[in-house]
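A.B. asks: The structure under discussion is supplied below as structure tokens; questions concerning it will follow.
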Amino acid sequence: LAGWRCIYLQDLVAEAERKHPAIQAAARMVQAKRARIPQARAWPDPQLSIGYMGDPAPFKTQANDPASYRQFGVMQEIPYPGKRELRGKIAEKEVDAETWNVEAARRRVRAEVKLAYFELWGVDRALDITQKNKDLLEKLARIAEERYKVGKGLQQDVLRAQVEVTRVLQRLTILRQRRRTLEARLNSLLLRPPDSPLGPLEAVEKSSFAYTLDELLEKGVANAPEIRRQEQLIEQSQVAVNLAKRDYYPDFSVGWDYQNRGSGQPEMYGLRFTVNLPVFYKSKQRQALSEASFTLAATREMREAAKTTLLFQVKEQYLTARASEELLTLYAKGIVPQSMLALESALAAYQVGSLDFLSLITNFITVLDYEISYYEELANHQKALARIEEITGIELAK
């Protein structure tokens, strides 16, 4: 990877936010919902009528018949005061709710990029460590072979060394396959071809995590997109209840007519007022009010369900992050240094013949596993922070 430009996490996150179709689709949906607001508030279309009465030929009056006429009329429906405003508010609340879907999509994409990045970085560290230890193990295998040739070692030591080299090669194959899969995952989030190569990744450091569980829970309830979306839907449902109550009141219509009666008869003008009578309110308006009331109750329950899920998710990831912190300290200050010292001591003892090869290999594999576990745990710590980020909106995993 020499000569490759280092890949920075923040650059990948910014690129995904710009290009990911899920974010773009959510934003387009907000625009579509916003276009409903003026429609909801608009007046009903006026009605134009043209007709005649008289001769069978269209629009001809009968001579000397005062009841024969040509007619032109317009009529405008007038909703009961307040109905248009309430319909507009319902549309506005729908836009407000949809806006939180954009934020949810943005956070989800950011989290997915970070999760893939941290896991890929952990796999890269595991590849580096495994490759380094493969070289060391091959040296141990040659030492065992030389000792066997001069009669100071056992053939089973040579065979055991060859088996361990093969196991390390198997591990390298699995890690390389995981890296290609994670590369494809990152490329898909960035809308790149799946086989686009990624250069060396920016080094990951353990991010500080100073928040308490109570603080995270408070932030999550206040900022979680799904809860905020449900709150907007609750307000929308309350307005819908108010509109259902207003629908008990009738709408009006006003019309103006003009008649041309021909044959020297005077022209006539007319003005009409109509009102609909909600006589079927038991099966219409009353049921519409029940529907709106049940919808309001359902949205409130959905908000509580979303809140319950969020509280669990925050606590789960908080405990994961705290456990990772403790394990990282244990690995960095205890297990890894101690196992390295044990390996160095075992290697020196083997070279002078005071330790058997099996014990040396056991120490070697232990060091390899602990070194890889350290970086896996660091990746797990950062991934837990990325998930908390997605829920609370606090930037933690950098």
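The values are calculated or read from the model by the stated rules, or taken from the named source; none is laboratory data. Model, not experiment: these values are computed from the prediction. Every residue, glycine as well, gets a Cβ built from its backbone with ideal geometry; the counts of neighbours run over all protein chains shown. For accessibility, only protein heavy atoms count, side chains too; no ligands or nucleic acids. Shrake-Rupley method; radii C 1.70, N 1.55, O 1.52, S 1.80 Å.
A.B. asks: Can you tell me how many residues in region 45-82 are crowded, with 18+ Cβ neighbours inside 10 Å and in contact with a helix residue (DSSP H, G or I) (Cβ under 8 Å, 6 or more places away or on another chain)?
C.D. replies: Matching residues across region 45-82 total 0.
A.B. asks: List the number of the failed condition for Gln259; all other conditions in (1) in contact with a strand residue (DSSP E or B) (Cβ under 9 Å, 6 or more places away or on another chain); (2) at pLDDT 95 or above hold.
C.D. replies: Evaluating Gln259 over (1) in contact with a strand residue (DSSP E or B) (Cβ under 9 Å, 6 or more places away or on another chain); (2) at pLDDT 95 or above leaves (2) as the failure.
A.B. asks: Yes or no: region 130-137 includes at least one residue that is over 17 Å from Cys6 (Cβ atoms), at pLDDT below 80 and open to solvent by 30 Å² or more (accessible area, probe 1.4 Å).
C.D. replies: Restricting attention to region 130-137, the residues satisfying the condition of being over 17 Å from Cys6 (Cβ atoms) are 130-137.
If we keep only those that are at pLDDT below 80 as well, we get 136-137.
Retained after the next criterion (residues that are open to solvent by 30 Å² or more (accessible area, probe 1.4 Å)): 136.
Yes, region 130-137 contains a residue that is over 17 Å from Cys6 (Cβ atoms), at pLDDT below 80 and open to solvent by 30 Å² or more (accessible area, probe 1.4 Å).
A.B. asks: OK, next. Out of everything in region 345-398 that is surrounded by fewer than 18 Cβ atoms within 10 Å (Cβ to Cβ) and among the polar types (S, T, N, Q), what residue ends up being nearest to Arg228 (Cα to Cα)?
C.D. replies: Ser373
A.B. asks: Among the residues of region 122-177, write down those that are assigned to a helix (DSSP H, G or I), more than 30 Å from Leu201 (Cβ to Cβ) and not hydrophobic (A, V, I, L, M, F, W, C). First the steps, then the outcome.
C.D. replies: Just the residues of region 122-177 that are assigned to a helix (DSSP H, G or I), to begin with: 122-149, 155-177.
Filter once more, so that each one left must be more than 30 Å from Leu201 (Cβ to Cβ): 140-149, 155-163.
The answer is Arg142, Glu145, Glu146, Arg147, Tyr148, Lys149, Gln155, Gln156, Asp157, Arg160, Gln162.
A.B. asks: If I filter region 147-159 down to residues being surrounded by 12 or more Cβ atoms within 10 Å (Cβ to Cβ) and not aliphatic (A, V, I, L, M), which single residue comes out as modelled with the lowest pLDDT?
C.D. replies: So in region 147-159, the residues surrounded by 12 or more Cβ atoms within 10 Å (Cβ to Cβ) come out as 147-148, 153-154, 156-159.
Adding the requirement that they be not aliphatic (A, V, I, L, M) leaves 147-148, 153, 156-157.
Working: Arg147: 71, Tyr148: 70, Gly153: 62, Gln156: 72, Asp157: 72.
Going through the qualifying residues, I end up with Gly153.
A.B. asks: Restricting the search to region 207-252, which residues are farther than 28 Å from Thr99 by Cβ and either in contact with a strand residue (DSSP E or B) (Cβ under 7 Å, 6 or more places away or on another chain) or polar (S, T, N, Q) (or both)?
C.D. replies: Of everything in region 207-252, those that are farther than 28 Å from Thr99 by Cβ and either in contact with a strand residue (DSSP E or B) (Cβ under 7 Å, 6 or more places away or on another chain) or polar (S, T, N, Q) (or both) turn out to be Ser207, Ser208, Thr212, Pro250, Asp251, Phe252.
A.B. asks: Got a number for residues in region 6-52 being over 20 Å from the mean Cα position of the chain (by Cα) and under 30 Å from Glu205 (Cβ atoms)?
C.D. replies: 3
A.B. asks: Next question. Which count do you get for residues in region 50-82 that are hydroxyl-bearing (Ser, Thr, Tyr) and at pLDDT 85 or above?
C.D. replies: At the first step, the residues of region 50-82 found to be hydroxyl-bearing (Ser, Thr, Tyr) are 52, 61, 68-69, 80.
Restricting the remaining residues to those that are at pLDDT 85 or above gives 80.
Summing the residues that are hydroxyl-bearing (Ser, Thr, Tyr) and at pLDDT 85 or above in region 50-82 gives 1.
A.B. asks: Same structure, new question: Just one of Ser188, Ser208 is open to solvent by 40 Å² or more (accessible area, probe 1.4 Å), small (Gly, Ala, Ser) and either more than 24 Å from Lys398 (Cβ to Cβ) or not in a loop (DSSP other than H, G, I, E, B) (or both); which is it?
C.D. replies: On the way: Ser208 fails: either more than 24 Å from Lys398 (Cβ to Cβ) or not in a loop (DSSP other than H, G, I, E, B) (or both).
Within the list Ser188, Ser208, the selection yields Ser188.
A.B. asks: Taking region 226-275, which residues are buried (at least 19 other Cβ atoms within 10 Å of the Cβ) and either in a loop (DSSP other than H, G, I, E, B) or free of Cβ contacts under 8 Å to residues at least 40 places away in the same chain (or both)?
C.D. replies: Asp247, Arg261, Gly262
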